[in-house]
Structures are given as structure tokens and as C-alpha cells.
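Structure, as C-alpha cells:
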Amino acid sequence: MAAEAAGTRMTQNQIAQTQIHNIGYRTYDGPRLGRAYARRSLFSQSLRGAYGLGRSAKSKVLPMLLFAVMCLPAAIMVAVAVATKANDLPVDYTRNAILMQAVIGLFIAAQAPQTVSRDLRFRTVPLYFSRPIERVDYVLAKFAAMASALFILTAAPLVVLYVGALLAKLDFADQTKGFAQGLVSVALLSLLFAGIGLVVSALTPRRGFGVAAVIAVLTISYGAVSAVQGVAFDQQSTGSIQWFGLFSPITLIDGVQTAFLGATSAFPGREGPGAGAGTVYLLVVLALIAGSYAVLMRRYRKVGL
Amino acid sequence: MIATESLSKRFPRVTALDRLSLDIGPGVTGLVGANGAGKSTLIKILLGLSPATEGTAAVLGLDVATSGGAIRERVGYMPEHDCLPPDVSATEFVVHMARMSGLPVTAARERTADTLRHVGLYEERYRPIGGYSTGMKQRVKLAQALVHDPQLVLLDEPTNGLDPVGRDEMLGLIRRIHTDFGISVLVTSHLLGELERTCDHVVVIDGGKLLRSSSTSDFTQTTTTLAVEVTDSDAHPDGTEAVRGALLAAGITLHAGVEEGLPGAGHILLVEAAGERTYDVVRDTVAGLGLGLVRMEQRRHHIAEVFKTPAQAPEPVSERAAAWAATAAAQQNGGGSHGS
């Protein structure tokens, strides 16, 4: 009986504990970490968001799938190289991104609108600007997050290749140099593609339009450049091939890495630019990155509040 | 809390604010104006997001031109328009906004749970915002403005789109922000009536100019109108007329039926309330005639009524005054079209 009574009392206590008490309003006296902290938080939230982390299960599918598609060929090539005891990897570090450009294009087309269009479409942007954070913080955080997401996507297969190459006991100095050149190349590519993707998607609050527009900009420019280069190659006009490469993002990266990062050009007849033309390529790439930042800053001046 | 000194904001085509000088103390302050009167422009300047063309403004003692960031850390803002992404839950959204205000992650989570409870969101806070009613969305918008425990919140049309019950709940919540939370409030609306009951002080602006700034009791004394509806009885087949005659005999001022066109308008008497006494007189008159009192309630005023100067308001109501108020309303609407 006593035990039973104690049991009853326990239950009553538990019930009492589960009640929600109105404890009144509590003020906050803790730290306020200010702009830099808010910018970092926005960066990490956007970067995680680009891979669907912290979002619904549905939104994780595409980025994770594309990430797997990027890494799988690298893993297969490594496996082949180890198994056949090859003297070199089947693909150059600098070549991987060019080969996988369709996957990179899909990733930026899907994730850039997600990163910026939601805030524009649902008019959340004014809420950011009513806080210590400013326009420059918002644009920097979003730009850096998108570029980092792309860098993770493009650098991961290079890491797989590099680790595989070391496991296959290929020449260490040679592989490390190639790996480093590859990393510089994909870093430039990430900045360039992030800039173009964000500018295109920030111009439209509709996500669907953004996706279509990014794909269109990337594929149409590349298609047109390849076609013109092909014609020029058929016409034996080899000198002009290198200049046409200036008109599409992926051929720009191709040109820069051919000139400065020891890559073999994917242009027809491998007619990549030399150091002189390469400088022009590099300047155009840097101008495009700076230009996209400037356009984004302009764009957000209009939508604040 | 807020002080402005000949604050002007001119756009190439319109003047949104015209030498506006205000001094707003702690408490709940209503900012009333028609659409385009300059309310939103004023809020933008107070948040330090838009430079004033002329004049100065200070919020919490900080100059808006130089200390925008420090002001925005201590001020909350609830915009008039929708601003919520539909695919995240209220909790996730408010936590994110708390971090954007500089709160560390754990503090952001705690404050979010507290604040959502205070604005009246419980289990539904874990569901995506897309499925919320307008009233719940307004509460989320209010929560994100309060989550970092500001000293002052700027609420832009918080009752927009709410039904009468939702309106009353929101107004009650706004009152509590000051009385229970100790946070001062600047709330805008184009309805004077609803602010009267909530605010300590009301500022009326029109065309970017200060029209009137006074404590709420001043407004109440001159502008309260009671709507009275009574039943008919066998002794008085037209109860409304009987009460009208009795009230006029008792020296009570009646307004003309401004609400023509509304169903049942002919059966509603608009009584000028001169204080507590009027309520008693109406009650006693109706009871004395043996009629049933269907309702007696305060009318929500339209901003146009502010244009009635105290000298004109108590004047026995005539067709002329009603027409005058209507003209004022028309001017209001016309004035609203050139706003920002």
C-alpha cells in the first residue's frame, strides 16, 4: 500500500513538473556579437543550405547526388590506376573540372537561385538589413558561401585523385605540383561560376527562371564558343581559336590554366593561349568576378527595405 | 526614445517628409497617417537605412546618420509586407534572425522559444510557416522583431489583414510589449480608432508633415463616438427614434448617421461620448423606456476625423459637418497618391 501511495505521489509530481509555467518575460543581458558574427552565421547557413543541410530531406537529394557524381569517376580512375599499376593517373588534375563541367553547371544552376532567390521572393531581405548586418556583409556572405560550396564540389574529386595517386605510389613531387595547380584552377572556377550564377539568379525572384537562366548562360555560351572554335579549326585559322575562348566561363578557366597552370587545353587542336593571351584571360576572369560582386551590390541597394 | 529635428526627405518627384520635428518618449506611440503619408520613409530613416535630405534624427540617443548599426542592434523592426519563407518552421526562422542580430547560438535558441511562447505560438512553431494563418504569420513577424530583446520596436501596420478578433489580440499583444516586457513601441496604422485604445501617445502625420501629436486622452475626449442599437417594443414601435428623442432631451449630442449604406444603419445611433457619464445616461435612458440595449460600443475612427478641430467636434451634428468630414477624407485619399 505504501509503495502504491508513493507511486501515486510520484505520478502527481511528474504531472506537476510537466505543466508549463508562465515565467514572464525575461530580458537578455548576454553578449551581442555584432556584424562580423552575423556575417559568419549567414555564410555558414548559406553554405550548409547549398548542400541541403539544415533544410528538408528533399532539398538534400540533388546536391548530394551531384557531389557523388563528381567524386565517383575520380574514385574509379584511382581504382584503375592502382589495379593496373599505371605510371600516371588517367586524367590530369586540371582536366577534371573541364570534363565534369555539366555537373558543375547543374549544381550552380540549382543552388545559386536557392541561395539568393528565396530571400528576394519572400522579401526576407529587409529583415536582414534591419539588423546590424549591412549590404556588403550580406553580399560577401552569400558570394563566399556559393564559391565555397563550388570549391568543395570541384576540389573533392581532386583530393580523391591525389590520395589515390599517393596510394599507387606515383611520383610524389609531380603529383603534389599537379594537385596544387588543380586546386588553384578550381578555386578560380568556383569564384567565377559563383559570381555568374548569383548575378543571374539575383536578377529574378522566381527560382525556376533563375535555374533556367543559369543553365542557359553556361551552356549557350559554351556551345557557341565550341562551335565557332570548331569552324575556325576547320578553316585552318588556328590563331583565332584562342581568342574565341574568352566568351564562355569554362573556356576562360581552360585558357588560364593552359597558360599558367601547366594544363593541356581542351580547345580544338589544343590551341590554347600562351602566356601573352593567357594574361588577357586571367584579367577577364578577375574582372568578371569583381564585376559580379559590383552588380550584386547594386542589386541589393534597390531591394533593401 | 526617438527625436527628430526638421527632418526632411525629398525624392526627385515627391517630398516624403517635410521638416518633421518629433519627440517620442518611452511607452506605446501610435504613428497614424494615410498610405503614403511618410510613415515607412520615417521608419527607414530611423533605422539608419536611408539618409535624410535635411535635418537630424536620433533613436535611443544615437544619431541615425552615424550610428545605424548600433541602433539596429537595439531596435526591432516588423515590416508591413510578408517577409517569411514558407518552407522553414517558425523556430528555425526566428533562431536564424536572432543570430543575424548577433545572439550566440544557444542564446538564440532560448530566446526564440521564449519569444514564440510570448506571442502565442506553441506546438505549431515546429511546422513550416507556409501552412500558417495570417494571424500566426503576423505573430512570427512580431517574434523576429522581439527575439533579440530590443529597447524599442518599430511595428509597421501590424494589424493589416487581420480579422476583428485577430486585431484585438494583436493590439493586446502590443500593449503587453510595453507593460510586461518593458519595450517601447512605435506602431503605425491608418486607423486612429484602434491606436487610441492601445497607445499612450498618438502622432498624426500627413504628406510628411506633423499634423498633431498628443497623448491619447486628448484624442479620446474629443473624438469618442458610441454606436448604440436598441430593440423596439410595443410601447415604442420605433425604439431608435424614441431613444434619439430622449437622449437629445437629456442634452446628449448625436451624430448624423454617417454609416449610410450599411445594413441596419438606420437603427444605429451615433452618440458623442463626453466621458463616463454618457454611458450611464444612455443605459438609464434605454432602461427607462423599457427597451432592450442590443449594443453600445466604441466606433473605430477614420483618420479623417482628426481634421475636425475641437471647436467643430462638439457642434450639434448636421449634414454640413458630415459633408465636411467626407471632403476631408477625399483630400486624405488624394494626398495619399503622391506618397512613397
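The values are calculated or read from the model by the stated rules, or taken from the named source; none is laboratory data. Since this is a predicted model, take the numbers as computed values, not measurements. Glycine gets a Cβ as well: all are built from the backbone with ideal geometry, and neighbour counts include every protein chain shown. Remember, those area values only see protein heavy atoms, side chains included, never the ligands or the DNA or RNA. Shrake-Rupley method; radii C 1.70, N 1.55, O 1.52, S 1.80 Å.
Step through the residues of the stretch A:104-120 one at a time and calculate ³J(HN,Hα) from phi using the Karplus curve (6.51 cos²θ - 1.76 cosθ + 1.60, θ = phi - 60°), rounding each to whole Hz and writing x for Gly and Pro.
4, x, 4, 4, 5, 5, 7, 9, 5, x, 4, 5, 10, 5, 4, 4, 6
Near the amide H of B:Asp18, under 5 Å away, which other amide H atoms are found, from residues 5 or more places off or on another chain, if H is placed in the peptide plane?
Residues meeting the criterion, in which the H sits 1.01 Å from N, are B:Lys9, B:Lys209.
Mind listing the phi-derived Karplus ³J(HN,Hα) values for the stretch A:58-75, rounded to whole Hz, using 6.51, -1.76 and 1.60 with θ = phi - 60°, and x for any glycine or proline?
With the stated coefficients, the stretch A:58-75 comes to 4, 7, 7, 4, 5, x, 5, 4, 5, 4, 5, 4, 5, 7, 4, x, 4, 5 Hz.
Per Stokes-Einstein, at 25 °C and 0.890 mPa s, what whole-number D in µm² s⁻¹ belongs to the protein assembly as shown, with the Kirkwood radius over Cα pairs as the hydrodynamic radius?
83
Once the mean 1/r over all distinct Cα pairs of the stretch A:36-121 is inverted, what Kirkwood radius in angstroms do you read off?
One decimal place: 15.1 Å for the Kirkwood radius.
For the interface of B with A, what's the total buried accessible surface in square angstrom, probe 1.4 angstrom, rounded to the nearest hundred?
Buried: approximately 3400 Å² between A and B.
When the distances between all Cα atoms of the stretch B:2-220 are binned every 5 Å from zero, what whole-number percent does each bin get?
Values per bin, smallest distances first: 1, 7, 15, 19, 20, 16, 12, 7, 3, 0.
If I take R0 = 56 Å and measure r between the Cβ atoms of B:Glu54 and A:Val231 in this structure, what FRET efficiency does the formula 1/(1 + (r/R0)^6) give, to the nearest 0.05?
0.35
What list of ³J(HN,Hα) couplings, whole Hz, do you get for the stretch B:244-250 from phi and the Karplus terms 6.51, -1.76, 1.60, once you set θ to phi - 60° and write x for glycine and proline?
Result, rounded to whole Hz: 4, x, 5, 5, 4, 5, 7.
Would you grab the residues whose amide H sits under 5 Å from the one on B:Val294? Only those 5+ places off in sequence or on another chain, please, with H modelled 1.01 Å from N.
Under 5 Å from the amide H of B:Val294 lie the amide H atoms of B:Glu229, B:Val230, B:Thr231, each far enough along the sequence or on another chain.
Can you tell me what percent of all Cα-Cα pairs in the stretch B:20-72 are more than 16 Å apart?
Tail of P(r) above 16 Å: 44 percent of Cα pairs.
How large is the Kirkwood hydrodynamic radius of the stretch A:212-305, counting all unique pairs of alpha carbons, in Å?
14.3
Take the alpha carbon atoms of chain A, find their radius of gyration, then divide it by 2.2 N^0.38 Å using N residues; give the quotient.
Here the Cα radius of gyration is 1.32 times the empirical estimate.
Please give the charge dipole size of the protein assembly as shown, origin at the Cα centre, charges +1 on K and R Cβ atoms and -1 on D and E Cβ atoms. Round to the nearest 20 debye.
Dipole magnitude for the protein assembly as shown comes out near 2460 debye.
Amide H neighbours of B:Val88 under 5 Å, at least 5 residues apart or on other chains, H built in the peptide plane: list them.
B:Ile129, B:Gly130
A 32 angstrom limit on the alpha carbon distance is what I want to check against. Which of A:Lys58/B:Lys44; B:Lys44/B:Lys137; A:Lys60/A:Lys169; A:Lys58/A:Lys142 exceed it?
The answer is A:Lys58/B:Lys44; A:Lys60/A:Lys169.
Work through the residues other than A:Gly262 whose Cβ is under 12 Å from its Cβ and net out their charges, Lys, Arg +1 and Asp, Glu -1.
Residues near A:Gly262 contribute 0 overall.
When a/c reaches 1.5 or more, the comparison of a/b and b/c decides; with that in mind, is the stretch B:128-237 rounded, prolate or oblate per its Cα gyration tensor? Don't skip to the answer; put the middle values down first.
Details: a/c = 2.31, a/b = 1.40, b/c = 1.66.
Oblate, because a/c is 1.5 or more while a/b does not exceed b/c.
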